[in-house]
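What follows is a single structure, written as structure tokens, with notes after it.
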Amino acid sequence: MDDLPSAVLFACSMNSVRSPMAEGILKFLHGTRIYVDSVGVRSLDVDGFAVSVMDEIGIDISGHQAKTFDDLEDTYFDLIVPLSPEAQHRAVEMTRVMAVDIEFWNTFDPSVIDPDNREQRLAAYRQVRDQLMEKIENRFPRVRAIDT
């Protein structure tokens with residue numbers, strides 16, 4: 001009946017934009033039904049543009065604490081979703097002797113957009129947010145209550 005994984009890890013290069021957005025979206029959609037975490041190959045404080053565009057849809061990621069693969073206290077995940085090629089390589093390396101599924105979702109890094117053009121930059125972050133929302137809604141569908 002329920003094919004959802006019990007624990008999902010999103011990973012990207014810095015754990016400051018894409019993976020915190022994905023983590024926030026999945027938590028928003030499923031609450032505590034799925035354990036969700038995110039990491040980066042390296043860590044950098046959460047990006048202000050990511051916080052802003054997520055706030056636009058009612059998801060607060062401002063308290064996100066960036067961490068790396070090495071910072072993980074528990075490595076038990078049913079699914080790891082790398083969002084960058086660098087994270088994909090690190091996930092494969094980490095899971096060589098683990099029974100875990102990896103789904104690579106190569107996702108554009110909006111932080112590379114011209115920092116002097118705020119509107120273009122926000123548009124790129126919104127596009128990434130919306131693409132992640134669509135992929136996550138499709139991959140982790142919400143279970144509908146059956147009328148009784």
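Among residues that are over 27 Å from residue 121 (Cβ atoms) and assigned to a helix (DSSP H, G or I), residue 70 is included. All of (1) surrounded by 12 or more Cβ atoms within 10 Å (Cβ to Cβ); (2) under 15 Å from residue 12 (Cβ atoms); (3) out of contact with any Leu (no Cβ under 7 Å at 6 or more places or on another chain) hold for residue 95 with one exception: (2). Restricting attention to segment 96-148, the residues that are assigned to a loop (DSSP other than H, G, I, E, B), under 26 Å from residue 30 (Cα atoms) and of a type in the set (Lys, Arg) add up to 2.
Quick one: is residue 10 surrounded by fewer than 19 Cβ atoms within 10 Å (Cβ to Cβ) and either of a type in the set (A, V, I, L, M) or within 23 Å of residue 123 (Cα to Cα) (or both)? So residue 10 fails the test. Scanning segment 25-63 for residues that are at positive phi and in contact (Cβ under 8 Å) with a residue 12 or more places away in the chain returns a single hit, 58. Using the structure shown, decide if residue 75 is surrounded by fewer than 16 Cβ atoms within 10 Å (Cβ to Cβ) and under 19 Å from residue 33 (Cα atoms). In short, yes. Of all residues in segment 49-76, those satisfying the criterion of being farther than 13 Å from residue 19 by Cβ, modelled with pLDDT of 95 or more and either under 14 Å from the mean Cα position of the chain (by Cα) or not acidic (Asp, Glu) (or both) are 49, 51, 52, 53, 57, 58, 59, 60, 62, 63. Within segment 50-63, one or more residues are more than 20 Å from residue 105 (Cβ to Cβ), crowded, with 20+ Cβ neighbours inside 10 Å and in contact with a helix residue (DSSP H, G or I) (Cβ under 9 Å, 6 or more places away or on another chain).
Of all the criteria given as (1) surrounded by 14 or more Cβ atoms within 10 Å (Cβ to Cβ); (2) under 14 Å from the mean Cα position of the chain (by Cα), the one not satisfied by residue 5 is (2). Considering only residues that are touching an Asp or Glu at 6+ places or on another chain (Cβ under 8 Å) and more than 26 Å from residue 48 (Cβ to Cβ), which ones fall in segment 78-114? Within segment 78-114, 78, 79, 80, 100, 101 qualify.
Under 7 Å between Cβ atoms, at least 6 apart or on separate chains: pull out the pairs that start in segment 73-90 with a residue that is touching a residue at least 24 places away in the same chain (Cβ under 8 Å) and end on any residue that is acidic (Asp, Glu) and surrounded by fewer than 18 Cβ atoms within 10 Å (Cβ to Cβ). Filtered contacts from segment 73-90: 78/101; 79/101; 79/103; 81/103; 84/109. Would segment 30-47 turn up any residue that is in contact with a helix residue (DSSP H, G or I) (Cβ under 7 Å, 6 or more places away or on another chain) and in a helix (DSSP H, G or I)? No. Return a yes/no flag: does segment 112-127 have any residue that is buried (at least 16 other Cβ atoms within 10 Å of the Cβ), under 17 Å from residue 10 (Cα atoms) and charged (D, E, K, R). Scanning segment 112-127, I find no residue that is buried (at least 16 other Cβ atoms within 10 Å of the Cβ), under 17 Å from residue 10 (Cα atoms) and charged (D, E, K, R), so the answer is no.
The values are calculated or read from the model by the stated rules, or taken from the named source; none is laboratory data. On a predicted model such as this, the values are computed, not experimentally measured, just so you know. Here the Cβ is made from the backbone with ideal geometry for all residues, glycine too, and neighbour counts use every protein chain on show.
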